[in-house]
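S.K.: I'd like to ask some things about the structure below.
Quick note: the coordinates plus some simple rules give every number you see, no bench work behind them. What you see is a predicted model, and the numbers here were worked out from it, not measured in a lab. Using ideal geometry, Cβ is built from the backbone for each residue, glycine included, and neighbour counts are taken over all protein chains shown.
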Amino acid sequence: MMFDAIVVGGSYAGLSAALQLARARRKILVIDAGQRRNRFASTSHGFLGQDGRGPGEIVADARKQLAAYQTVEFSDDLVEAVGKADKGFSAQTASHGDFEARRLILATGVADELPDVPGLRERWGKSIFHCPYCHGYELDQGQIGVLAVSDMSMHHALMLPDWGPTTLFLNGAFVPDADQLAKLQTRGVKVESEPVARIAGDQADVELRDGRVIPLAGLFTMSKISPASPLAAQLGCVLEEGPLGSLIQTNGAKETTVAGVFACGDATRSFSSVAIAVADGATAGAGTHQSLIFHDH
């Protein structure tokens, strides 16, 4: 069966892209392996109308609504390989064989490479975060830490005092210059140069190598990101190095450098949230639909 589009990834961006195509009465297939980036978080925030809901609940509702459209099919599977076919593209899955479509939408997300600090990984998404807009308010103006990974962590450190008293843990990642120190002082940010030994406690208490313990309501840090799937690279899509890692390059309609292949969500932008992923997916879905009409790749 030839689909108008295959959407690889059934999280916020992928389902949003699929919805636009479903409403245009196009025949689409959503293939999803069920690995949402925010699966570690208990609640999602900052998405209008869904603030404070569980991430899985938002996805389940969206999928139920999408399934009501008769031209939509789902496959709970992993796409292992993609390639060009006679009339479009093929997708090879781990369990359900091959599928073909005239267009391909990659909404495969990213993988987070976290700082190598004991106790950090098991608290990721629970008391250690990357997005102040998503999780800062719930810390209730308690003590907040920023674990530096490079001088880019200055951005976090200067933002977070709006959510609570903030300490920047340099952890050997960089040494602030005089101008940076002045900016931190203006924002009331404490600077701690003693290396971090580990994260402990019920929240995110920072234990320093000299034995001191800094109790925190929450800790923020930056992960290094990379596409969670090799599919874009398999197709020859251009990847660009952003400040936080590799992203799939797209144009304003969310089409990649390979004609007929679109991409959306966290794999295409460095600033990410559920609300932004949904908007990005809607753009990709509309762009894909219009390409089916106006561009015969």
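S.K.: For a Förster distance of 35 Å, can you work out the FRET efficiency between the beta-carbons of Ala182 and Arg121, rounded to the nearest 0.05?
M.R.: The computed FRET efficiency comes out at 0.55.
S.K.: How many angstrom separate the Cα center of segment 1-77 from the Cα center of segment 248-282?
M.R.: About 15 Å separates the Cα centre of segment 1-77 from the one of segment 248-282.
S.K.: Nearest-5 percent of antiparallel DSSP beta bridges in the chain?
M.R.: 45 percent
S.K.: Turning to a different aspect of this structure: Could you check the spin-label model distance between Asp140 and Ser42? Points 7 Å from the Cα along Cα→Cβ, value in nm.
M.R.: That separation, rounded to one decimal, is 1.2 nm.
S.K.: Taking the Cα centre of the chain as origin and charging only Cβ (+1 Lys, Arg; -1 Asp, Glu), how large is the dipole, in debye to the nearest 20?
M.R.: That gives a dipole near 660 debye.
S.K.: Return a single number: how many Lys pairs in the chain, at a sequence separation of 8 or more or on separate chains, have alpha-carbon atoms below 26 angstrom apart.
M.R.: Counting lysine pairs in the chain gives 12.
S.K.: Now for a different question. In segment 115-221, what % of DSSP beta bridges are antiparallel (nearest 5)?
M.R.: Details: 6 of 20 bridges.
Looking only at bridges with both residues in segment 115-221, the antiparallel portion is about 30 percent.
S.K.: In whole Hz, with x marking every Gly and Pro, tabulate ³J(HN,Hα) for segment 109-117 from phi via Karplus 6.51 cos²θ - 1.76 cosθ + 1.60, θ = phi - 60°.
M.R.: Karplus-based 3J(HN,Hα) across segment 109-117 equals x, 10, 9, 9, 9, 8, x, 7, 10 Hz.
S.K.: How big is the dipole moment of segment 62-110 about its Cα centre under a simple scheme where the beta carbon of each Lys and Arg is +1, that of each Asp and Glu is -1, and everything else is neutral? Debye, nearest 20, please.
M.R.: For segment 62-110, the charge dipole is close to 280 debye.
S.K.: Let me ask something else. Can you bin the chain into rounded, prolate or oblate? Criterion: square roots of the alpha carbon gyration tensor eigenvalues sorted a ≥ b ≥ c, rounded for a/c under 1.5, prolate for a/b above b/c, oblate for the rest.
M.R.: Prolate, since a/c reaches 1.5 and a/b exceeds b/c.
S.K.: Taking square-rooted eigenvalues a ≥ b ≥ c of the alpha carbon gyration tensor, is segment 115-221 rounded, prolate or oblate, where a/c under 1.5 means rounded and, failing that, a/b exceeding b/c means prolate? It would help to have the intermediate numbers written out before the result.
M.R.: Values: a/c = 1.62, a/b = 1.15, b/c = 1.41.
Judged from the Cα gyration tensor, segment 115-221 comes out oblate (a/c at least 1.5, b/c at or above a/b).
S.K.: Through the Karplus equation 6.51 cos²θ - 1.76 cosθ + 1.60, θ set to phi - 60°, convert the phi angles of segment 266-279 into ³J(HN,Hα) values in whole Hz; use x for Gly and Pro.
M.R.: 4, 6, 10, 8, 7, 8, 9, 6, 4, 4, 5, 4, 5, 5
S.K.: How large is the dipole of segment 115-221 about the Cα centre if only Lys and Arg carry +1 and Asp and Glu carry -1, each at its Cβ, rounded to the nearest 20 debye?
M.R.: Using only the charged Cβ atoms, the result is roughly 40 debye.
S.K.: Counting other Cβ atoms within 10 Å of each Cβ, which trypsin sites (Lys or Arg not before Pro) in segment 5-37 have at most 16 and sit in a DSSP loop?
M.R.: Counting only loop positions with at most 16 other Cβ atoms within 10 Å, the trypsin sites (Lys or Arg not before Pro) in segment 5-37 are Arg25.
S.K.: Give me the number: length gained by fully extending Glu80 to Gln65, i.e. 0.36 nm times residue separation minus the C-alpha to C-alpha distance, one decimal in nm.
M.R.: Computed gain between Glu80 and Gln65 is 2.7 nm.
S.K.: Next question. From the residues His96, Ala81, Gly56, which one has its Cα farthest along the dipole of segment 10-99 in the positive direction, the dipole being from +1 and -1 charges on Cβ of Lys/Arg and Asp/Glu about the Cα centre?
M.R.: Going by the charge dipole, the pick is Gly56.
S.K.: Write out the cysteines belonging to the chain for which the nearest other cysteine Cβ is not under 4.7 Å, or none if no such cysteine exists.
M.R.: Cys237, Cys264
S.K.: Hey, can you grab everything whose amide H is under 5 Å from the amide H of Ala197? Only 5+ residues off in sequence or another chain; H modelled, so Pro and N-termini drop out.
M.R.: Glu207, Leu208, Arg209
S.K.: Please sort by residue number the trypsin sites (Lys or Arg not before Pro) in segment 169-254 whose DSSP state is loop and whose Cβ has at most 12 other Cβ atoms within 10 Å.
M.R.: Passing both the DSSP loop test and the Cβ count: Arg209, Arg212.
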